[in-house]
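Since the structure comes first, as structure tokens, the remarks are kept for the end.
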Amino acid sequence: MTARLDALIDDELVASASDHPIEELRQARDACQAFESGLSFIRRMAQGRLDIVGAEVERRRLGRRPLDVTALVDTLPELLADEHSGGSARAVGVNPPDVDDELIRQLDDIVGVQELAELGSMSDELLDTVARRLGELEAEVSGHRRRLHSYIDAIQTEIIGRYQRGDADVDSLLRQA
């Protein structure tokens, strides 16, 4: 768990959501959505690096010659084509993601951009370790996202309920904008 995620998720807020002002709920939801966007970005970075490492593992398995940096760059569109599934179909915001620096450091500690260009010189053992650690990080970030989705959904359910019951009105929301 990251410290930023721990700070964002307030189980007491959800448990007593009906006692909190709608503005507070919206702020909590919006902060979580921004952070979730950052987690999604980091997850995709981990998946992309895992795709590149996987391509190197496959290259070795097939006995092909190592790719130089130019050839690697040429193959990136194919390697990074979004074939990953299982993600949530959530709306994408127009603001830049709120990226967790702690998770970015973990990703770079596993395999940085410079090291990706030098995968051909890594030992098989190191390459396997990198692939395993990238997979673990991707799974960890996915778990964080699932937890955030659940939290966001709970807050959103309370907000929607207030509109449905007439406890909040759309005009007040429009006046704030």
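Which whole-Hz ³J(HN,Hα) couplings does region 143-153 yield from phi under the Karplus relation 6.51 cos²θ - 1.76 cosθ + 1.60, θ = phi - 60°, glycine and proline marked x?
x, 4, 5, 4, 4, 5, 4, 4, 5, 4, 4
Please compute the modelled spin-label separation between GLU58 and ILE160, points set 7 Å along Cα→Cβ, answer in nm with one decimal.
Going from the ILE160 label point to the GLU58 one covers 3.9 nm.
If we count every other residue with Cβ under 11 angstrom of GLY143's Cβ, Lys/Arg +1 and Asp/Glu -1, where does the sum land?
+1
Under a plain spin-label model, where a point goes 7 Å from the Cα along Cα-to-Cβ, how far apart in nm are GLU23 and ASP74?
For the pair GLU23/ASP74, the computed spacing is 6.0 nm.
Hey, what do the phi angles of region 11-25 turn into as Karplus ³J(HN,Hα) couplings, whole Hz, using 6.51/-1.76/1.60 and θ = phi - 60°, x for Gly and Pro?
Those phi angles translate into 4, 5, 4, 5, 4, 10, 3, 5, 8, 9, x, 4, 4, 5, 5 Hz.
Describe numerically, in nm with one decimal, the distance between label points set 7 Å from Cα along Cα→Cβ at GLU115 and at ASP171.
6.0 nm
Once phi is turned into ³J(HN,Hα) by the Karplus curve 6.51 cos²θ - 1.76 cosθ + 1.60 with θ = phi - 60°, what whole-Hz value does each residue of region 108-124 show in order, with x for glycine and proline?
5, 5, 6, 7, x, 4, 4, 5, 4, 6, 10, 4, x, 8, 6, 5, 4
To the nearest 20 debye, what is the magnitude of the charge dipole of region 1-69 about its Cα centre, counting +1 on the Cβ of each Lys and Arg and -1 on the Cβ of each Asp and Glu?
1000 debye
Coordinate-derived values only; no laboratory data. Just so it is clear, the structure is predicted and the values come from calculations on it, not from any experiment. With ideal geometry, Cβ positions are generated from the backbone for all residues, glycine too; neighbour counts draw on all protein chains shown.
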